[in-house]
Amino acid sequence: MEETIGQLNTSYKGQIFRITFKEKDFQVQLLKKSPTKEETELEVLLDGGLQTLVKKKERWFFLQHDLDQDLANHIWRAISLRYRL
């Protein structure tokens, strides 16, 4: 998590989600205060590392391709349930 210290230019600390995906636990911190259905890009901290979620044709993907792309949809599902989107 040290790599994100000082990189975020926001006073909003972010909503924290704990999710389980493929029998592994993840901590996701949403870095936007009020997401909407119309969002096409969101920044999150995934286990302390900054990641960008991008929406393409009704599915969510990580901008960084080295991560499991199904995890991006799982994260969005948790966000949309929390914010009733």
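A few remarks follow.
- A count restricted to the range 34-81 and to residues that are in contact with a strand residue (DSSP E or B) (Cβ under 7 Å, 6 or more places away or on another chain) and closer than 15 Å to F17 by Cβ stands at 18.
- Of all residues in the range 36-50, those satisfying the criterion of being within 16 Å of R77 (Cβ to Cβ) and in contact with a Leu (Cβ under 6 Å, 6 or more places away or on another chain) are K37, L42, V44.
- Pair list, Cβ < 8 Å and 6+ apart or interchain, from the range 63-85 residues that are in a loop (DSSP other than H, G, I, E, B) to residues that are small (G, A, S): Y83/S34
- Scanning the range 23-66 for residues that are open to solvent by less than 60 Å² (accessible area, probe 1.4 Å) and on the phi > 0 side of the Ramachandran plot yields a single hit, G48.
- Failed condition for R82, given (1) over 16 Å from K13 (Cα atoms); (2) buried (at least 16 other Cβ atoms within 10 Å of the Cβ): (2)
The values are calculated or read from the model by the stated rules, or taken from the named source; none is laboratory data. Computed from a predicted model, the values in this text were never measured in an experiment. Virtual Cβ from ideal backbone geometry, glycine too; neighbours counted across all protein chains shown. The area values use the complete protein model at the heavy-atom level, side chains included, leaving out ligands, DNA and RNA. Shrake-Rupley method; radii C 1.70, N 1.55, O 1.52, S 1.80 Å.
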